Structure formats: structure tokens, C-alpha cells
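Please treat every number below as a calculation from the coordinates, not as lab data. Keep in mind the model is a prediction, meaning the values are calculated, not measured. No Cβ is skipped: glycine too gets one built from the backbone with ideal geometry, and neighbour counts run over all protein chains shown.
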Amino acid sequence: MPISRRLLALVASAALLLGPSAAPAQNNSFDAYLQYVRAKALGQGISQAAVDSVLRGLQPSQRVIALDSDNVSSPVRSGFPALAPYLSSHNTASRIAAGRQVYQNLGSLRARVEQRYGVPAPILIAIWGHETSYGAVKGNFDLAEALTTLAWQGRRRALFETELIDLMRMVQQGVPRSRLVGSWAGAFGNPQFLPSIYLRLAVDGDGDGVRNIWDSRTDTLYSIANYFRDAGWRPGQPWGVRAQVPSNLNRRALVSPMNPPNCARVFVRHSKWKTVREWRALGVVPLGSIGEGVMASLFEPDGPGAPAYLLTQNYRVILQYNCSNYYAMSVGLLADEIAR
């Protein structure tokens, strides 16, 4: 549908209020930003009712601003915290036990989701466990207020403005405004999806006509599995396996030449890719089931002499959920414990 002249005028006047797009949004008033994003959403075909439902009565959240300021990445530094303490605090006995209970309670749903998406149920459950403690802790921030505050603040305006408008799309598609509660950074539901991910990848697994990632375990697991399949999960491969590494391994010769544009501090710790067969020839012995032709990188998170792992492409899929070696390792190891 063509954009009306009146709507174009609204967008133009709001842009004038905000000033040059390169300027931080917070240099302008919150009300001016609301006027701007309202016009932009209407221009993208969002209904007036959905826009009003999301934006009505909003004020900037000082709590969200404080949390976002605390979350600013520190400069690149040398050295990494040990993995073992992180695992102890995240993969607790209670989290493992709860994950095993969820796994047992799924019954035939385990086979259905695995058959449809090729992702093992323990991996899906481990994501659910790490994100929201199996649905117990989903966040209590108003998503509209949080996303509008983050977009207005301006540090990552393009990201959060897109998510805010997608939140309006969710309302337009029938998601109740009252359900839009989650983390301070805009994630929600059992798997902590952002609005753009919900719109693109959430699944109505139980066939009731609603993509209910808040209350339905079927929709939750199908949606996480769909995310993983979309990210490139390779059925039949593990995420990684423990490995025995000889003390005389020439690690300098294994440094990866890759210089990834994103998450550099994550990938700098991974070795070159080699087949498992090639790793065996170097004396690196996998301690779990993995095909000889599978490509893997060596990861020694706590240095030589500590537990080492051969990581597959599926580990990188976990990293797409949260680009942190600590997160991805804890998910993979929790999944192994759940399946044990």
C-alpha cells in the first residue's frame, strides 16, 4: 500500500525533531523519539492500534539504562577467566536434576522434535535450562518500555529500534500486550527470543494456532530446534567431545589463521580445523563418540593439562544463541549430563 503524503510528512517532521541520524537518540527528548518511531512503524504497515498499544504511556526506564551501561563491553584484554568455576555455578546439581526430569517427562515429544529438526532433545532442554531455569525465571521488565528506552538511548539504536517495531508486529498478529514481559534487553518466553526471532522462527508445535513460547513446552522446544536448524545444526554430530592431548603437542602450529569480524575473543581460543582422523595422527584422542571424518577444532579452555575438547560445527551453532565460550560449553556439558 502506498504511503500517504500525511504519513511522509509525519516521518519527515519526526526526523527533524530527532536531528541527524548519526547523532545519539538520547540527545533528543523521549517524546520526540516516540513521535519518530511511531511514524516509522506506521510507514512500515503497522496498524495504528498496534502502535498505540505498544507506545502508549511509555517513559524511559532508568533501570534499563543502568543495566545497559553495566553491560558495555570492556576493552580487549589478555587472559581469560577459568571455565571450571563458571561451570560449577551454572551447571549445578539442581539444574542437572531438573533437566533430567524435564527430559523424562517429555515422553514421545522427544522423538517427535528430534525427528523433525535433527537436534537432540538434551541440547534443547539445556538451552531452556540456561535461559530461564526451565521456565521459572523469564524476566519481569515491560518489553515495550525496555526496547523503547534502549532504542532512544542510542548506543545500539538500529538493533533495538528494529526489535521495537517487530514487537508492534507481534501485537498486530495477536500477541496480547499483557504478555510482553521479559528481560531488560528485550528477550522473552522460555527460550528468551527477541521479537525478530519470534516472528521468523517461533513454531506452533502443538497445532493450537498460537506460537506459545511462554507456556507450551512443545512450542518452546520446537522453536528452539527450529532456531538451531536454521543456524546450521548438523544431525548426527555431537557438539564436541572431551579429548586427551599429548603434552608435546605443538600448539603454535595449530593457531587458527581466521580473523572473524564478530566475537573475536571467542574464536581466538579455537585451533585450526582438522578432521578427527588428523587429530588422532597428532596424538589427540577423542574420548567420546565422533566420526573420523568430522571437522573439529581443539579447545583447551583452562590451558594445557586441564580438560580439553574437540569442538564441531554444532558448537558454533550454540555460539549463535549466545556468543560466549562459557555459555556454549555449559550448554553442551549440561546436555551431556541430561542425556547421561
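To the nearest 0.05, what FRET efficiency results for Met295 and Arg265 with a Förster distance of 25 Å applied to their C-beta separation? Rounded to the nearest 0.05, the efficiency is 0.65. Panel order for Ile224, Ile65, by other beta carbons found within 10 Å of each beta carbon, from fewest to most: Ile65, Ile224. Normalised by residue number, the volume inside the convex hull of the Cα atoms of the chain is 161 Å³ per residue. Take the Cα of Gln101, go 7 Å toward its beta carbon, and none of the backbone nitrogen atoms of the stretch 131-164 fall under 11 Å from that spot. Approximating the spin labels as points 7 Å out from Cα along Cα→Cβ, the Cys323-to-Asp230 distance works out to 1.8 nm. Helices in the chain, meaning DSSP H runs of at least 4 residues, each add -39500 (n - 2.57). Divided by all residues, the mean residue ellipticity at 222 nm is -15000 deg cm²/dmol. Protection proxy ranking, highest mean first, for peptides 250-260, 236-246, 311-321: 311-321, 236-246, 250-260, where packing is the per-residue count of other beta-carbon atoms within 10 Å, averaged. Magnitude of the charge dipole for the chain, about its Cα centre and with charges confined to Cβ atoms of Lys, Arg (+1) and Asp, Glu (-1), is about 640 debye. Between the listed residues Ile318, Trp279, Val268, the Cα displaced farthest toward the positive end of the dipole of the stretch 239-326, a dipole computed from Cβ unit charges relative to the Cα centre, is found at Val268.
Note down the relative contact order for the stretch 240-311 as a percent, whole number, built from C-alpha pairs under 8 angstrom at least six residues apart. Computed value for the stretch 240-311: 43 percent relative contact order.
Say a paramagnetic label sat at a point 7 Å from the Cα of Ala93, along Cα to Cβ; which residues of the stretch 314-340 have their backbone N under 20 Å from it? Under 20 Å, as judged by backbone N against the label point of Ala93, lie 333-340 of the stretch 314-340. Based only on Cα atoms, what Rg/Rh ratio does the stretch 240-311 have, Rh being taken as Kirkwood's radius? Looking at the stretch 240-311, the ratio lands at 0.94. Ordered by the count of other Cβ atoms within 10 Å of each Cβ, fewest first, Arg157, Arg116 give Arg116, Arg157.
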